[in-house]
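Below is one structure; the comments refer to it alone.
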Amino acid sequence: MRRIRPRRNPAGPLLFLAWVGAGLVVWQWWRDTPAVMRTSSDWLQGAGRITGLLAGYLIALVVLQMARVPALERRVGSDRVARWHAMTGRYSLSLLAAHIVLILLGYAAEAHTGVVKQALDVVLHDPDMIKATIGTSALILVGVVSAGALRRRMRYEAWYYLHLLTYVGVYLTFWHQLSNGSDFAANPVARSAWYVLYGSAAALLVWYRLLVPLRLNLRHRMRVEGTVEEAPGVVSVLISGRRLHRLGAESGQFFRWRFLTGGLRWSANPYSLSAPPRPDLVRITVKAVGGHSGALAGLRPGTRVWAEGPYGAMTAARRSRGKVLLLAGGVGITPMRSLFETLPAAPGDLTLLYRARAREDLAFWDELTGIATERGARLVHAVNGPGGARPEITSESLRAMLPDVALHDVYLCGPPGLAEEMYSALRGAGVPDRRIHHESFQF
């Protein structure tokens, strides 16, 4: 316990580097832009160039954020990287649209023609522009299906495979940037830097999305051992394999699982480990909330399993204090159960509060009781009362349960509404934001 040293989150330095890169892009544009722009065409084309350069830079960051680099996924957190990815994608598409409009307006003003005629001339007389048009269309399609209102109406699998068009769009638009971009045509240094930027992002993508998972699965050769119903609608999948304790997984982390059987082989969904890995067995626990999760209860022993990971930053490395409170709601108990077993803590310093609708919904209750007894930890449940009366988790109730709750590290996992309620209660009870550790697995 004396050696607790929280792992520093690199989010701040990474964001700083991203802004530095954007600054260098702007500097490159400024250096290549004439000091005097006399006509509206000059201004429009100059604005089109800078929006295009920034869009190209951000698109490279979008690819990098899709690469599942461990330094990002395990240190920053998968949910935060996903938010960065969504935000960067929105900015890049906005800049891309501005680039197209401004450049076409600038060319049309220079040639004294209509915008439509200019667009047809630009696209149809340059092979790289034809590819760029197709690639841009693919990127716009991805942006449309990723919009919140539409995405919530789509199955995860359909959204996921449409999202892969991002790679097609990036590849097709890349060559146009170098062949038609005036900032690269006469500047071999800038051209080389762009190759390095995109080449590095592509190399990380191939390594961490293809080669590392291939090595992991060839090494561990995982198969379904069996399934166990833990609570109504909640099932555990037991997965056997070779040397599974060497997966590099920590309590609180998750993998993206693909089960190679009919109806499931084409989708990979994130599910947390609900127990520390054993040499021959790992366990995930899932609540049936959709087609994929609902089908896991019917998995047959021997079904081959493909896994990618581990991912997630909600681990013991985030901890900075001796006392720890774990807050779980519903199936959010999955990573909390694993942390409850493995987090170092003196007797009396570890507390788990488990919120569920009814006592029969308390998955792992016997296991949790045994762990609490063995470790001298405190285990508390909050279930609906007679008639469905819902116990609220408030700052007052938390302080009544733990008068020194403000001195705890808190790990939090549950459905979005409940998680927000818990978070607000913790902040009201005086727990600093930096000591509230949570991840969202909402697609």
What ranking do 185-197, 408-420 get when scored by the average of other Cβ atoms within 10 Å per residue, highest first?
-> 408-420, 185-197
Starting with the highest mean, order 167-177, 47-57 by the number of other Cβ atoms within 10 Å, averaged over the residues of each peptide.
-> 47-57, 167-177
Report, largest value first, the span of the C-alpha coordinates of region 219-324 along each principal axis, in whole Å.
-> 46, 33, 22
Under the Karplus curve 6.51 cos²θ - 1.76 cosθ + 1.60, θ = phi - 60°, whole-Hz ³J(HN,Hα) for region 161-175, x wherever Gly or Pro sits = 6, 5, 5, 5, 5, 3, 5, 4, x, 5, 4, 6, 7, 4, 5
To the nearest 20 debye, region 154-286 has a Cα-centred charge dipole, built from +1 on Lys and Arg Cβ and -1 on Asp and Glu Cβ, of 500 debye
Please give the per residue volume of the convex hull enclosing the alpha carbon atoms of region 119-167, rounded to a whole number of Å³.
-> 68 Å³
Whole-Hz Karplus ³J(HN,Hα) for region 323-340, in order, using 6.51 cos²θ - 1.76 cosθ + 1.60 and θ = phi - 60°, x for Gly and Pro?
-> 8, 9, 10, 9, 10, 10, x, x, 6, x, 5, 4, x, 5, 4, 5, 5, 4
Spelling it out for residue 329: with amide H atoms placed in the peptide plane at 1.01 Å from N, the residues 5 or more places away or on another chain with amide H under 5 Å from its amide H are 355, 413, 414
C-alpha center-to-center spacing [region 243-276, region 314-384] in angstrom | 21 Å
Could you tell me what percent of the DSSP beta bridges with both partners in the chain are antiparallel, to the nearest 5?
-> 55 percent
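What does the highest-first list of 370-383, 239-252 look like by mean Cβ count within 10 Å?
239-252, 370-383
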On average, how much accessible surface per residue is there in the chain, in Å², for a 1.4 Å probe, leaving out ligands, DNA and RNA?
-> 50 Å²
Search the structure for amide H atoms under 5 Å from the amide H of residue 321, placed 1.01 Å from N in the peptide plane, and list their residues when 5 or more places away or on another chain.
-> 409
From zero up to wherever the largest Cα-Cα distance of region 191-274 sits, split into 5 Å bins and tell me the percent of pairs in each.
-> 3, 10, 15, 23, 17, 10, 7, 6, 4, 2, 1, 0
From the C-alpha gyration tensor of region 76-170, square roots of 5λ in Å | 31, 14, 12
For region 131-286, state the semi-axes of the equivalent ellipsoid (square roots of 5 times the eigenvalues of the alpha-carbon gyration tensor), sorted largest first and rounded to whole angstrom.
-> 40, 21, 12
Net charge dipole size for the chain [Lys, Arg +1 and Asp, Glu -1 on Cβ; Debye, nearest 20] = 1120 debye
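Given the DSSP H assignment, sum -39500 (n - 2.57) over each helix run of at least 4 residues in the chain and divide by its residue total; what's the result at 222 nm in deg cm²/dmol, nearest 500? The partial results should precede the final answer.
Working: 16 runs with 217 residues, N = 443.
Taking each H run of at least 4 residues, the total per residue is -15500 deg cm²/dmol.
Taking every pair of Cα atoms in the chain, average 1/r, invert it to obtain the Kirkwood radius, and report Rg/Rh to two decimals. It would help to have the intermediate numbers written out before the result.
Working: Rg = 25.7 Å, Rh = 24.5 Å.
Rg/Rh for the chain comes to 1.05.
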So who's got an amide H within less than 5 Å of the one on residue 303, skipping anything under 5 residues away but keeping other chains? H placed 1.01 Å off N, in plane.
-> 224
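The values are calculated or read from the model by the stated rules, or taken from the named source; none is laboratory data. Since the model is a prediction, treat every value here as computed from it, not as a measurement. Ideal geometry is used to build each Cβ from the backbone, glycine not excepted, and the neighbour counts take in all protein chains shown. Just so you know, the surface numbers come from the protein's heavy atoms only, side chains and all, with ligands and any DNA or RNA stripped out. Shrake-Rupley method; radii C 1.70, N 1.55, O 1.52, S 1.80 Å.
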